[in-house]
Amino acid sequence: MSERRRIGVIVRGSLTEGLEMRLDEGESVEDVRAGKFVVIEGEKSAFFCMITDVRLDATNPAILVDPPAAQDDEADALMRQVLSGTSTYGTVMLKPMLMLPGKDDTRAGSEGSGRAADRGVSGEAARPSGGLGGALPSTTQIVKTVPRHFSIVAEATEADVNLVFGSEEQDRRYYHIGRPLDMETPVCLDLDRFVERSNGIFGRTGTGKTFLTRLILSGLVKSGKASALVFDMHSEYGWGARREGDHAEAKGLRQLFGASRVAVFSLDPESSRRRGVSPDVEVKIPYDRIDVEDILPLADELNLNPTAADSLYLVQAQYGSEWLERLLGMGAEEVRDLARDLGAHAESFAAVHRKLSRLKRLDFLVPRAPDDAVDRIMEALDRRQHVVLEFGTRTDLLVYMLVANILTREIRERYVRKTETYLATKRPQDRPHPLVITIEEAHKFLNPQAARQTIFGTIARELRKYFVSLLVVDQRPSGIDDEILSQLGTRVTALLSDEKDIAAVLTGVSNAQWLRSVLASLDTRQQALLMGHAVPMPVVIRTRDYDAAFYRAMGAEDEEPSRGSRGARAIDDLFGSR
Amino acid sequence: MNGEIGEVIGSSNTEFIAQAHLLYESPAFGAFVRVDGRDETVYGVVFAAYTHSLEPNRLAVAYHRSELELRAEQPQIFELLKTKFEAVIVGYKGKDVVRAQLPTKPPRIHAFVYPLQALEVKRVTADLGFLRLLLAGARAPGRAPADELIAAALRQALEAHGGDRGFLVRAGKELARLLKDDYETLSSVLRRVRS
């Protein structure tokens, strides 16, 4: 770590407002970019910092009044050269993020001296549930002080970044997700911590949310830290999807990890077949799986009145689990009779009936299913498989919300039962395998009204008590309930431009002002801000390329289709592409 | 004579005054000179030179002749005139080490003053600390404008360093530090050095 390159010295600063570094003579301000990592070599510890702002300063205002500005004048050129670094200089604001062990600490640590022991304890306190595996938890600390005057500031090295973010070689819990903006060192997500909480992936349309999601899901599948259940609205995760921009195909999870690890369920097998793939299971949902609670969140989509809930509960009380089947089977006459029996207002009841009739057009809803989708999903999950549920052409929100709601509610109930069994027996083999449910268009499920009614609100709030957590994918985080946002452990955020959305993503983050500017200045492609539970500090990354090297790293088997395309490529090479 | 150009006739820790051997033959404004002492060689930069009559408080008389005619008709009057110059001390050499600091003792009276060769100028100016002493001398009241003197000295130093731009920039930066509250002087010095 001694070969860090020096770029300046600390001249002033405070713990709350950050530190000011004076840039060394000969260093160009233009090389110092916001978001870059530097290390301050303090007397006792090193401070891992991020550059937040760069400012031009002059010792004497007179220089600024009469600047040596002529471009072709030799004297002015000399003047600029003389002034640079002496009277005019760059000041760089640093935000200390973590404290690392100082130069002499490695020795102290191995001797197990009292000081090193203290450090270990406070390190654990800083990262409460850090495991014992990585060096990270015991060596880095939250910043509680500032370095002394004139401490040397140097560019962070690969070793520093690895120490902070972990590396895949170090431990399987680390998953390489991207690189810092101006370095080639991997930044890793701590998957153990990632699956401990519900998480969010946000970004404006076209900034690579799908891509980020696919990347993270690949990490989960690869590591096996949790099972994934993906409600795949646009059929992008299971099988390959067209990449934006270059029209090349990006491999889906199924292609990367094979049938033994990823099961693809489909709501619209026709669409799957048209895309030349065949789903493992065709999902049919029997009417008796549908609860009134599943319908209520759809009030907006179905245009139901607030009073409809009462009517529906009455019907359910009358017919039990068959309520929906019976209700949809009724003619106008019968509906009127039923309204009279129940003491409901005939007209409004008829309206509810009429509106619910939309559900009859959904062909995956059937009176009796030969084969229960929930059971099949649970079987797959029990086999430690990951499940992608494709919606095919059924991309309307009504279907998506209905299906996601029904399945998630059922699955969670089963997880609750499993957890209770586990709590009773305390046998490790009864411990449910963590489940991460991925939902898109999350603001529809988790807006302040819906969050109270849908199962997703409950899951987001109860954390991972029952081993189920959410991966929320959304382009409009301001639509999501604040309470839920603040519960999200790790947030992966691509570019957001709306002030409200930026504010929403930063809910529950202290000192968020500097992150705000970082967020608004991200590139539209392949850049994201990681923050929260699974990373030791907020960090802007260039996301990892989703290419052949990535496929290899995921251990992808070369399947038939890719061998076919390789053949095609060989033919292209021989005869030129058409 | 061994190349000496003058003789010290008054000295202090920070500067000395010398009489030129020949009338009107004072070293150039801003020239580097040295005075050899017993233990130390003192280096200075000439900041003033003047010629007047031997008797203080008395000005020469106008004769309405050209200098050539005067030298032919009344050569004795030139014996009544003398040229003096003053130099600010910018460093000294003791035991072969050149330091840009004030010498421990002032130069002795009647010691000879020699001009500095380019190589010596280079040695003396290698330590840019000489600028601080030079500036202090140049800024004393009643002196020629500081920027003129520094520019003249710096021009010589630059020549001794073979016109090395790196040296000029380093010297400029040193000056920028010393003159941080006086941007005007800094900028005028640098402009004068280049022109």
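The values are calculated or read from the model by the stated rules, or taken from the named source; none is laboratory data. Only a predicted model underlies this, so the values are computations on that prediction, with no experimental measurement involved. Here Cβ is always computed from backbone atoms with ideal geometry, including for glycine, and neighbour counts include all displayed protein chains.
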**Item:** The lone exception for B:Phe130 - which of (1) more than 17 Å from the chain's Cα centre (by Cα); (2) crowded, with 17+ Cβ neighbours inside 10 Å it fails
**Value:** (1)
**Complete:** Of those in region A:41-67 that are among the acidic types (Asp, Glu) and closer than 30 Å to A:Ser151 by Cα, the residue farthest from the other protein chains (Cβ to nearest Cβ) is A:Glu43
**Asked** Among the residues of region A:368-387, is there at least one that is over 25 Å from A:Ser278 (Cβ atoms) and either of a type in the set (A, V, I, L, M) or at pLDDT 85 or above (or both)?
**Response** no
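A quick yes/no check of all residues on (1) in contact (Cβ under 8 Å) with a residue 60 or more places away in the chain; (2) more than 19 Å from A:Arg368 (Cα to Cα); (3) of a type outside the set (Ser, Thr, Tyr); (4) touching a strand residue (DSSP E or B) at 6+ places or on another chain (Cβ under 8 Å):
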| position | (1), (2), (3), (4) |
| --- | --- |
| A:Ala263 | yes, yes, yes, yes |
| A:Ser271 | yes, yes, no, yes |
| A:Asp288 | no, no, yes, no |
| A:Ala339 | no, yes, yes, no |
**Residues of region B:166-195 satisfying the condition of being exposed (fewer than 15 other Cβ atoms within 10 Å of the Cβ), without any contact (Cβ under 8 Å) to a residue 40 or more places away in the chain and more than 8 Å from chain A (Cβ to nearest Cβ)** = B:Gly166
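Answer yes if at least one residue in region A:33-49 is of a type in the set (A, V, I, L, M) and surrounded by fewer than 17 Cβ atoms within 10 Å (Cβ to Cβ), and no otherwise. Lay out the reasoning, then the answer.
The first filter runs over region A:33-49 and keeps only residues of a type in the set (A, V, I, L, M), leaving A:34, A:38-40, A:46.
Imposing the further condition that a residue be surrounded by fewer than 17 Cβ atoms within 10 Å (Cβ to Cβ) reduces the set to none.
No, region A:33-49 has no match at all.
Conditions tested, residue by residue: (1) under 20 Å from the mean Cα position of the chain (by Cα); (2) among the small types (Gly, Ala, Ser); (3) assigned to a loop (DSSP other than H, G, I, E, B).
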site	(1), (2), (3)
A:Leu423	no, no, no
A:Pro432	no, no, yes
A:His443	yes, no, no
A:Pro448	no, no, yes
A:Arg452	no, no, no
A:Phe456	yes, no, no
A:Val472	yes, no, no
**Message:** Taking the conditions exactly as written (among the aliphatic types (A, V, I, L, M), within 14 Å of chain A (Cβ to nearest Cβ), surrounded by fewer than 21 Cβ atoms within 10 Å (Cβ to Cβ) and not in a loop (DSSP other than H, G, I, E, B)), does B:Leu158 satisfy them or not?
**Reply:** yes
**Prompt:** Just wondering, is there one or more residues in region A:488-495 that are within 13 Å of A:Asn199 (Cα to Cα), among the polar types (S, T, N, Q), in a strand (DSSP E or B) and out of contact with any Ser or Thr (no Cβ under 6 Å at 6 or more places or on another chain)?
**Reply:** yes
**Item:** region B:53-112, subset basic (Lys, Arg) and over 25 Å from B:Ala144 (Cα atoms), residue modelled with the lowest pLDDT
**Value:** B:Lys95
**Prompt:** Within region A:68-102, can you find the residues that are in contact with a helix residue (DSSP H, G or I) (Cβ under 7 Å, 6 or more places away or on another chain), among the hydroxyl-bearing types (Ser, Thr, Tyr) and more than 7 Å from chain B (Cβ to nearest Cβ)?
**Reply:** A:Thr88
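Of the residues A:Ile480, A:Ile455, A:Ile411, which single one is under 22 Å from A:Arg289 (Cβ atoms), touching a residue at least 12 places away in the same chain (Cβ under 8 Å) and touching a strand residue (DSSP E or B) at 6+ places or on another chain (Cβ under 8 Å)?
Of A:Ile480, A:Ile455, A:Ile411, the one residue that is under 22 Å from A:Arg289 (Cβ atoms), touching a residue at least 12 places away in the same chain (Cβ under 8 Å) and touching a strand residue (DSSP E or B) at 6+ places or on another chain (Cβ under 8 Å) is A:Ile411.
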**Item:** Counted residues, region B:122-138 - those being touching a helix residue (DSSP H, G or I) at 6+ places or on another chain (Cβ under 6 Å) and assigned to a loop (DSSP other than H, G, I, E, B)
**Value:** 1
